Amino acid sequence: MSRKEPELQLSIVDDDNQLSRREREYFFESDRVRAESLRTWKIHLTIVVSVALLISAAALIYVFAKG
């Protein structure tokens, strides 16, 4: 059993090395798009949280100034 494991791993590594240039470019492109999408969501989340904090601060200031 332990003898077949390295062969299986070697086979997987060999299969990865057999990827065509087009397949490699596709995987790199999908990783780039995924990273860009994640960056966009982080920016949107930051904006939403910032606006929520500003509204909360304004409400607190209004309540304390009024009361």
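The table below lists the values:
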item	result
Residue in segment 6-16 that is modelled with pLDDT under 80 and among the β-branched types (Val, Ile, Thr) present	yes
Candidates 58, 65, filtered to the one that is at pLDDT 85 or above, surrounded by 10 or more Cβ atoms within 10 Å (Cβ to Cβ) and aliphatic (A, V, I, L, M)	58
Cβ pairs under 9 Å, 6+ apart, first in segment 23-39 and in a helix (DSSP H, G or I), second surrounded by 10 or more Cβ atoms within 10 Å (Cβ to Cβ)	27/19
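The values are calculated or read from the model by the stated rules, or taken from the named source; none is laboratory data. This is a predicted model, so every value here is computed, not measured. Quick reminder, even Gly has a Cβ in these numbers, built from the backbone with ideal geometry, and neighbours come from all protein chains shown.
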